[in-house]
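Taking it in order: structure first as structure tokens, then the write-up.
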């Protein structure tokens, strides 16, 4: 369960998660938040930060999993995610077009080997 509070600690909303969450990324431009599953994770929920409304739910490509972290670029048009190759745990950075329904548009490779357990 994701819970959002205001600066005074008052509960604003909750959002159920498919499994244990790990981290969030915030876009200051669109006020979207990406909620990442804990590694090895298979969901990324995109929410409206003000209301908690779920805008989209993403899964990694078939041969990938989420490592649990991501960040928006400076103009919030792209979301970069830490991912792993299922068979080898090779680290990759997934690139998602946040201005086009978070369509995955590519990846960067060569970021070492991670562990999933």
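The values are calculated or read from the model by the stated rules, or taken from the named source; none is laboratory data. Predicted model only: the values in this text are computed from it and were never measured. Positions of Cβ are generated from backbone atoms using ideal geometry, with glycine treated the same way; all protein chains shown enter the neighbour counts.
What the table shows:
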quantity: Flag for residue 47 being surrounded by 15 or more Cβ atoms within 10 Å (Cβ to Cβ) and more than 26 Å from residue 111 (Cβ to Cβ); calculated: yes
quantity: Top-ranked residue in the stretch 64-91 [being over 20 Å from residue 35 (Cβ atoms) and modelled with pLDDT of 95 or more; ranked as surrounded by the fewest Cβ atoms within 10 Å (Cβ to Cβ)]; calculated: 74
quantity: Residue in the stretch 92-114 that is surrounded by fewer than 20 Cβ atoms within 10 Å (Cβ to Cβ) and within 22 Å of residue 1 (Cα to Cα) present; calculated: no
quantity: The stretch 29-41: number of residues that are part of a loop (DSSP other than H, G, I, E, B) and at pLDDT below 95; calculated: 3
quantity: Index of the failed condition, residue 25 passing every other in (1) at positive phi; (2) within 13 Å of the chain's Cα centre (by Cα); calculated: (1)
